[in-house]
Amino acid sequence: MLLTSFYKKIIALIIILISFLDFAFSQSKSEIEDLLIEVCKISDSKDIIKNEAASKISDYQEEALQILPDFFMDDSKTDVYSKCLKRKLSRGEVAIILCDRIEIMPYFQLIGMQNFTFSFCENNPNFIESYLDIINKQSIKKFKEKYVLWLHSEDRKDTRI
């Protein structure tokens, strides 16, 4: 009888902890989404690095890297203009840039190209920006899948130790 009561308390505690973790994650996701909305209001893509909301997203580090891929396929247009690409970026593209700013992506592994520098995109602090059209042509969905696999891979973990 005493043992059953103990197990009930343990199960109740586990349920509470899981609920709390789920709530905490959803809080972080909504905060990051709100910050992403703010980043999407800047006018020049080169200014992403200087933006306060982008800096706050970067402060989330690993948590942001886990949440931002959820936005990669969002093709909503933003106010962020890319002089390199001569067009406004989508919300998903801004999320990709933010992930690359937090931790540089392995371009060759994800896109099939590396150290690919366009002469029209010089002096741009967003290295991945010059690859965005290629990512779009290859499939943002496939890019996201590769990115998430890389994010959880042993290769990445080995380089971070």
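All of the numbers you see were taken from the coordinates with simple rules; none came from a lab. Everything numeric in this text was worked out from a predicted model, so none of it was measured. Here Cβ is always computed from backbone atoms with ideal geometry, including for glycine, and neighbour counts include all displayed protein chains.
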**Q.** R0 of 30 Å, Cβ-Cβ distance residue 70-residue 123: FRET efficiency to nearest 0.05
**A.** 0.45
**Q.** Rg to Rh quotient for region 40-125, alpha carbon positions, Kirkwood Rh
**A.** 0.94
Q. Contour minus end-to-end for residue 134 and residue 52, with contour as 0.36 nm per residue of separation and end-to-end as the Cα-Cα distance?
A. 26.7 nm
Q) What spacing in nm lies between the two simple spin-label points modelled at residue 103 and residue 141, each 7 Å away from Cα in the Cβ direction? A) 2.6 nm
